[in-house]
Amino acid sequence: MKPSEISDILISEDAIRGRVAELGRRITEDYANKELVVVGVLTGAVTFVADLIRQLDLKITIDFVAMSSYGASTKTSGEVRLLKDIGHPVEDVHVLVVEDIIDTGLTLRYLLETIRARHPASVETCVLLDKPSRRLVEVPVKYSGFTIEDKFVVGYGLDFAGHYRNLPYIGILDQ
């Protein structure tokens, strides 16, 4: 059932499932015979991370960070805060940062700089949604699920003020 606040379903549950499987195959090929630390960004990427790691035929470790730049608004504050850091050492290991969405790039850039300072063997990014029209800083994204227009979206882990994360699809929030 679609809540009345969702004006349209942008990406269906089936489309998400298929794209996550594709991303899993590519990541598995790229990291064959390597150990990988998958770092999910809480809370939005939890659903994506859970589905993605089940598609990986690799030896992995999972960790999470918590970042904040939105609060209860539909606009970023521009201020990025690290609320929970990685618990595993990442020096000389391969790291894949998994994020639900990249728009301005500020949060992801801050996180990548933080991880690179710890000297991993490599660090790459995987995002479910890429919103390039909102980009303020360039950030390399190796694996991208879907490119979307500048709409405020919810579902499949993405929220507005903590709501709608449980929707199995990506929907446009009616503002």
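Toward the positive end of the charge dipole of the chain, about the Cα centre and with charges on Cβ (Lys, Arg +1; Asp, Glu -1), which of 6, 136, 66 goes farthest?
The residue sitting farthest along the positive end of the dipole is 66.
Separation between the residue 121 and residue 150 pseudo-spin-labels, each 7 Å from Cα along Cα→Cβ, expressed in nm?
4.1 nm
Simple spin-label model, 7 Å along Cα-to-Cβ: residue 79 to residue 50 in nm?
3.2 nm
Nearest 0.05, what FRET efficiency do residue 92 and residue 57 give at R0 = 30 Å with Cβ-Cβ as r?
On the way: r = 23 Å, r/R0 = 0.76.
With a Förster radius of 30 Å, E is 0.85.
For the range 142-173, list residues with backbone N below 16 Å from a point placed 7 Å from the Cα of residue 13 toward its Cβ?
Flagged as within label range: 155-158, 164-171.
Quick check: the angle from helix 13-30's long axis to the longest principal axis of the chain, C-alpha only, nearest 10 degrees?
10 degrees
Over the chain, with every protein chain in place, what whole percent of the accessible area is carbon and sulfur at 1.4 Å, could you tell me? Before the final figure, lay out the partial values.
Values: 4180 of 8750 Å².
The C+S portion of the solvent-accessible surface of the chain is 48 percent.
With everything on Cα atoms, drop me the angle between helix 106-116 and the longest principal axis of the chain, reported from 0 to 90° to the nearest 10.
10 degrees
Full-extension gain between residue 113 and residue 4, please, as 0.36 nm times their residue separation minus the C-alpha to C-alpha distance.
Going from the current span to full extension adds 35.3 nm.
Tell me which label goes with the value of P(r) over Cα pairs in 5 Å bins from 0, in percent computed from the coordinates here: (i) 2, 9, 18, 21, 17, 12, 9, 6, 4, 2, 0; (ii) 1, 8, 18, 22, 21, 15, 9, 3, 1, 0; (iii) 1, 8, 14, 14, 12, 11, 10, 9, 7, 6, 4, 3, 1, 0, 0.
Derived directly from the coordinates: (ii).
Using +1 at the C-beta of Lys and Arg and -1 at the C-beta of Asp and Glu, which of 112, 147, 127 has the Cα lying farthest in the positive direction of the dipole of the range 100-155?
112
Using alpha-carbon pairs under 8 Å, 6+ residues apart, how would you state the relative contact order of the chain in percent?
Working: 348 pairs, mean separation 44.7, N = 175.
Dividing the mean separation by the residue count of the chain yields 26 percent.
Would you please give the FRET efficiency between residue 26 and residue 138, computed as 1/(1 + (r/R0)^6) with r the Cβ-Cβ distance and R0 = 22 Å, to the nearest 0.05?
Working: r = 22 Å, r/R0 = 0.99.
Plugging the Cβ-Cβ distance into 1/(1 + (r/R0)^6) gives 0.50.
If the cut-off is a Cα-Cα distance under 29 Å, which lysines reach residue 84, setting aside same-chain residues fewer than 8 apart in sequence?
34, 59, 75, 131, 142, 151
Need the C-alpha centroid separation for the range 30-47 versus the range 90-139, integer Å.
So the two Cα centres are separated by 11 Å.
Highest mean first, how do 138-146, 105-113, 151-159 rank when packing is the count of other Cβ atoms within 10 Å averaged over residues? It would help to have the intermediate numbers written out before the result.
Numbers: 138-146: 16.4, 105-113: 18.9, 151-159: 21.8.
Going from most to least packed, we get 151-159, 105-113, 138-146.
Any idea of the accessible area per residue across the chain, 1.4 Å probe, to the nearest Å²?
Working: 8750 Å² over 175 residues.
Heavy-atom accessible area per residue stands at 50 Å².
What dipole magnitude, in Debye to the nearest 20, does the chain give about its Cα centre under +1 on Lys/Arg Cβ and -1 on Asp/Glu Cβ? Write out the running numbers ahead of the final one.
Values: 20 positive and 26 negative charges, 21 e Å.
Value, rounded to 20: 100 debye.
The values are calculated or read from the model by the stated rules, or taken from the named source; none is laboratory data. In this text, all values refer to a predicted model and were calculated from it rather than measured experimentally. Glycine also receives a Cβ, built like all others from the backbone with ideal geometry; neighbour counts cover every protein chain displayed. Only protein heavy atoms, including side chains, enter the accessible area calculation; ligands, DNA and RNA are left aside. Shrake-Rupley method; radii C 1.70, N 1.55, O 1.52, S 1.80 Å.
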